[in-house]
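These notes are about the structure you will find just below.
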Amino acid sequence: MKKSSKFIAGNWLKIYHIVMRKGYINLLVSFQKRKTTQTYKIISLSFGIIFFLVVFPALFIYVGFYIDKFIHVAGNDAIRIVIALLTIVIGLSILSWSAYTLWKIGKGTPVPNAPTQQLIISGPYQHIRNPIELGGIIYYFGLGTIMGSYTIGVVAFLSGLIIGSTYHKLVEEKELYARFGDNYLNYKKEVPFLIPNFKR
């Protein structure tokens, strides 16, 4: 009886996750069909900037401070600050280039509720499928490092990498396939997930 109850509960849980994920993906796909104003896109982008450049890294850095109590790697302060500033600039540059490409060519934003109107395969997207994630985790590393230590930077980097990659694999890739079909599949085969291919 206990085994059958666990089996039923486990199956219902799987079904629930599938339905919820499909429902969310369908919601994301529906955003592309809506007509949005420039003001709406600007507001959406502003909220995205607040969440991805302030709220999320703050949470990751908070976790990093806790881990830093047990594993503290700081090194020379001057070198650490230079590395931190350099990675912050690089990360923000990639993010800006990516967002500009989505806005200018795709007529949309990186934010799910104001997506692009076409599949973007130019700019940074011709070298890597997820330049927003790459720029974000580099920025998180720099921000965490300048806040106190390399430990905090690495924790912020890994947190962004794990959460971002999981979201892209489980949700965004399915959403893009639903929106762009075989064009996206061909693009996915040719362009790497997170490590840029500059030969393209």
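The values are calculated or read from the model by the stated rules, or taken from the named source; none is laboratory data. Since the structure is predicted, the reported quantities are computational estimates derived from the model, not experimental observations. Note that we place each Cβ from the backbone using ideal geometry, even for glycine, and neighbour counts take in every protein chain shown. Protein only, heavy atoms only, side chains kept; ligands, DNA and RNA dropped before computing areas. Shrake-Rupley method; radii C 1.70, N 1.55, O 1.52, S 1.80 Å.
General remarks:
- In the stretch 157-175, residue farthest from residue 119 (Cα to Cα) [restricted to those that are at pLDDT below 95 and of a type in the set (A, V, I, L, M, F, W, C)]: 170
- Residue pairs whose Cβ atoms lie under 7 Å apart, sitting 6 or more positions apart in sequence or on different chains, and linking a residue in the stretch 116-135 that is open to solvent by 20 Å² or more (accessible area, probe 1.4 Å) to a partner that is among the basic types (Lys, Arg), are 117/107; 126/200; 127/200; 129/188.
- Residue within the stretch 98-109 that is within 14 Å of the chain's Cα centre (by Cα) and among the β-branched types (Val, Ile, Thr) present: yes
- Any hit, the stretch 77-86, residues being in a helix (DSSP H, G or I), surrounded by 14 or more Cβ atoms within 10 Å (Cβ to Cβ) and not charged (D, E, K, R): yes
- Count of the stretch 163-183 residues, restricted to those that are assigned to a helix (DSSP H, G or I) and more than 18 Å from the chain's Cα centre (by Cα), is 5.
- Here residue 129 passes the criteria (1) at pLDDT 95 or above; (2) among the basic types (Lys, Arg); (3) more than 16 Å from the chain's Cα centre (by Cα) except the one numbered (3).
- Tally, over the stretch 178-200, of residues that are open to solvent by 100 Å² or more (accessible area, probe 1.4 Å), at pLDDT 95 or above and touching a helix residue (DSSP H, G or I) at 6+ places or on another chain (Cβ under 6 Å): 0
- Residue 153 satisfies every condition listed in (1) under 20 Å from residue 31 (Cα atoms); (2) in a helix (DSSP H, G or I) except (1).
- Some residue of the stretch 134-143 being assigned to a helix (DSSP H, G or I), out of contact with any Gly (no Cβ under 7 Å at 6 or more places or on another chain) and among the hydroxyl-bearing types (Ser, Thr, Tyr): no
- Subset of the stretch 60-74 (residues that are out of contact with any Ser or Thr (no Cβ under 8 Å at 6 or more places or on another chain) and touching a residue at least 40 places away in the same chain (Cβ under 8 Å)): 61, 65
- Qualifying residues in the stretch 19-56 (those that are of a type outside the set (D, E, K, R) and not in a helix (DSSP H, G or I)) - the one nearest to the chain's Cα centre (by Cα): 36
- Here residue 47 clears all of (1) in contact with a Ser or Thr (Cβ under 9 Å, 6 or more places away or on another chain); (2) open to solvent by 70 Å² or more (accessible area, probe 1.4 Å); (3) not acidic (Asp, Glu) except the condition numbered (1).
- Test: residue in the stretch 55-65 that is open to solvent by less than 40 Å² (accessible area, probe 1.4 Å) and of a type in the set (Phe, Trp, Tyr): yes
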